[in-house]
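One structure is given here, and the rest of the page talks about it.
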Amino acid sequence: MPVTKPDYSTGFSTTTNLDAGTYSVTQIADGLSIPKYDYISLTYVAAGNGVGEIQTVTYKTGGSGGITVGALLLGYDISNRLSTVTRTA
């Protein structure tokens with residue numbers, strides 16, 4: 001299973017393939033944790049794999065015009081199944 005983990009010290013992300021049973025669900029989820037927020041916005045895939053599905057989830061504090069505290073980018077395979085989740089902010 002590919003998991004992308006941000007490196008906050010460099011601003012880059014790395015993707016690692018995990019062997020089944022190597023990490024607990026909690027360990028994997030911690031890599032996608034989002035700071036405290038009070039607003040969520042969604043965008044949807046307009047064309048290609050996953051059309052009509054959620055493409056990005058943006059988390060903000062301070063309402064719709066506030067500061068982005070986290071974002072998730074969702075990727076889909078050729079069968080329109082969720083295949084990747086990447087924390088981008």
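Rule-based calculations on the coordinates, nothing more; no lab input. Everything quoted here is computed from the prediction, not taken from an experiment. Because the Cβ atoms are built from the backbone with ideal geometry, glycine has one as well, and the counts that use them run over all protein chains shown.
Would you mind checking the stretch 34-58 for residues with the amide N under 13 Å from a putative spin-label position 7 Å along Cα→C-beta of residue 68? Taking a point 7 Å out along Cα→Cβ of residue 68, the residues of the stretch 34-58 whose backbone N falls under 13 Å are 41-43, 56-58. Considering only the other residues whose Cβ falls under 15 Å of the Cβ of residue 58, what net charge follows from Lys and Arg at +1 and Asp and Glu at -1? With Lys, Arg at +1 and Asp, Glu at -1, the neighbours total +2.
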